[in-house]
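Enquirer: Take a look at this one; I'll ask things after.
The values are calculated or read from the model by the stated rules, or taken from the named source; none is laboratory data. Everything numeric here is computed off the predicted structure, so don't read it as measured data. Glycine also receives a Cβ, built like all others from the backbone with ideal geometry; neighbour counts cover every protein chain displayed. Keep in mind that these areas ignore ligands, DNA and RNA; they rest on the heavy atoms of the full protein, side chains included. Shrake-Rupley method; radii C 1.70, N 1.55, O 1.52, S 1.80 Å.
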Amino acid sequence: MKKTRNMMALILVSIFLGLILSIQFKTINKSIGEGVLPTQRAQQLAVELKKAQQEKEAQTNRIEELENKIEQYEKGGVENNVYAENLYKDTMKYRALAGYTDLVGAGIVLEIHDPPVDVQFGEGYSIVDELDLILQVISVLNAAEAEAISINDQRYTGFTEIVRAGNHIEINGVSNSSPITIKAIGNPDTLESALAIKRGIVWQLRNYDYIVHLTQDTNITIPKYRKVKEFIYASPVEETMN
C-alpha cells in the first residue's frame, strides 16, 4: 500500500513538472519566435540593428549633401548684392543662435565619469541619475556666456529635452549613457573659472566622488541641432505702427 502511494505521488509530481515545462516552452516561443533559438534571435537583432544604423548614416549623409547644395545656392544669390549679402549674414547668425549650424571655436571640455563601484557591497550610482547636476552645468555655462553647448555631441538648444529613460538619458531623442562629455564654445578662461570656482559645480561633482576632467581646447566642434521644430500653436505677434 505504501509502495502504491509513493508511486502515485511520483506520477503526480511528474505531471506537474511536465505542465511547468510545457508552459515555459510556450512562453519562450511567443517571446523569441517559433522554432528560433535565443542565440539565433540575438543574431537577427544584431543584423537588423546594423542595417538600421547604415540606413540612418546614409540618410544623414544625404541630408548634409542637400544642406551643402542649399548653402551654395544661398551664397550664389548674394554676389554683387549688398542687401542680399546682409540678409544672408543675418540668416546665418540666427541659424547659429537657433543651433541649426555646425560651429567651431575655442572653449572647454568637461568629462564626467561615474564613481568606482563599491567592491564590498557591489553598489554604484551614475551621472545619468543626476539630471539636476547636468542641468546645473548647462546653467553655469550659459551664465558664463557660452556661445554653443553640446552634451555627448548633441547640440543643446532651447528645444533640447534631457529626460531619464531606464538606465540612460534621452538627449534630443538620442540615448546616452555615462560618461557624459559637455563641450562649450566661448572664452576658455571665463568658462573654466565659472565651472571650477570654489564650491562650484565641479567641486560638487568631485565631492560626490564623480571623476571629473576639465580642460581648455582651442578647436572645439559642436554639431548642429538635427531635429526640425514646427510651430503649430505659436505665431509671431505683428507689430502695429502707432
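Enquirer: Name the residues in region 163-177 that are in a loop (DSSP other than H, G, I, E, B), in contact with a strand residue (DSSP E or B) (Cβ under 7 Å, 6 or more places away or on another chain) and open to solvent by 40 Å² or more (accessible area, probe 1.4 Å), would you?
Expert: Hit for region 163-177 is Ser177, nothing else.
The rows are residues; the columns are (1) open to solvent by less than 70 Å² (accessible area, probe 1.4 Å); (2) touching a Phe, Trp or Tyr at 6+ places or on another chain (Cβ under 6 Å); (3) not in a loop (DSSP other than H, G, I, E, B).
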| residue | (1), (2), (3) |
| --- | --- |
| Thr190 | yes, no, yes |
| Ser193 | no, no, yes |
| Arg199 | no, no, no |
| Gln204 | yes, no, yes |
| Leu214 | yes, no, yes |
| Asp217 | yes, no, yes |
| Ile220 | yes, no, yes |
| Lys227 | no, no, no |
| Thr240 | no, no, no |
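Enquirer: Can you tell me which residue is most open to solvent (accessible area, probe 1.4 Å) among those in region 131-158 that are assigned to a loop (DSSP other than H, G, I, E, B), under 17 Å from Asp102 (Cβ atoms) and not β-branched (Val, Ile, Thr)?
Expert: Result: Glu147.
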